[in-house]
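Visitor: Take a look at this one; I'll ask things after.
Read-outs: derived from the displayed coordinates by stated rules, not from any lab. In this text, all values refer to a predicted model and were calculated from it rather than measured experimentally. Here the Cβ positions follow ideal geometry from the backbone for every residue, glycine too, while neighbour counts run over all protein chains shown.
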Amino acid sequence: MSGPPPLELAAYVTAPRLSVSSAVALGIALLAASPKPRPQAVHRAASRLREAVVELQQQWRQHADSARGLAIDPRNIDTRVDRAFRALAISLEAIAILPPDAGPDVETARNAQRRLFPEGTRFLNLPYAQQWAHCDRMLSTLAEDEALRADVERLVHTSILTEARSAMEAYGVALGITKARPSSAPVSLAGPLDAVRSAIVAYALQLVAMQSDDPSRLPTARRALAPIDELRAAQARRGQGRDASSAEPPGGDDADAGTVTPETPIPAVDDAPETTHAVG
């Protein structure tokens, strides 16, 4: 009875569909399943695969960090500014609505209202940049008019003015008005991803060559290549269940990535290669 057929070279001359995360996941799986000890050519290919996966993972991390740094959503800060300036307006209104004979602070509050909120708080509905400019003028008025500032600081709780100034500082940064937003060029992952694809193919071909050189190594080669076979089988199953008209996810299928992240450890290739059975 003949044994199992040898591995077909044609099955591994191209990499599976891979996204960034699934490429890292497949690289990790291949390195974890790599035979030990390895022929020298397989060892060299495994080392190059690890280098490519490490580089892709590092670029992935930088890309994620860059995206987080640029993703300043002004909506949340706009809401913060709205609340701070409404609180300021309400604090002055609470005193200004009292009758004049309630004390001298009533007229002081009304004067502050006229200076700071001549049209109420409708400015809080303006577009972001216009609202920032209006609020900035208000804070500038307080900074330049010492008497007005002293009156407002006496009538309004300190935390309200502190929050208004702090919120406006964050608002200016979010809008790129007071401080330019990070403008570093986005990190491209296309090159590192292609490098991992190439390294996977080169490694797989060395494993095929290993069992061709020594047929007794066929079971070892099959185990080492199992992550590629399993990924393709999983993608084929999902492809059968997907509507034929649906578009293929760009760069691969992230469902293959599992729980891999930019921080997932990558197996080392630090054992010595074999001095015999060398391939290539």
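Visitor: Suppose R0 equals 35 Å. What FRET efficiency, 1/(1 + (r/R0)^6) with r the Cβ-Cβ distance, do A143 and V106 give to the nearest 0.05?
Guide: With a Förster radius of 35 Å, E is 0.90.
Visitor: Could you tell me which GluC sites (Glu not before Pro) in the stretch 41-124 are loop residues by DSSP with no more than 14 other beta carbons within 10 angstrom of their beta carbon?
Guide: On the way: sites: E51, E55, E93, E107, E119; in loops: E119.
Of the GluC sites (Glu not before Pro), the ones in loops of the stretch 41-124 whose Cβ has at most 14 other Cβ atoms within 10 Å are E119.
Visitor: Using 0.36 nm per residue of separation minus the Cα-Cα distance, give me the extension gain between Y128 and A170 in nm, one decimal.
Guide: In short, 13.9 nm is gained.
Visitor: If you don't mind, another one. Roughly speaking, what is the stretch gain from R75 to T264, that is 0.36 nm per residue apart minus the C-alpha to C-alpha distance, in nm to one decimal?
Guide: Full extension from R75 to T264 adds 64.7 nm.
Visitor: Could you check the simple spin-label distance between T14 and A272, using points 7 Å along Cα→Cβ, in nm with one decimal?
Guide: Distance between the two pseudo-spin positions: 4.2 nm.
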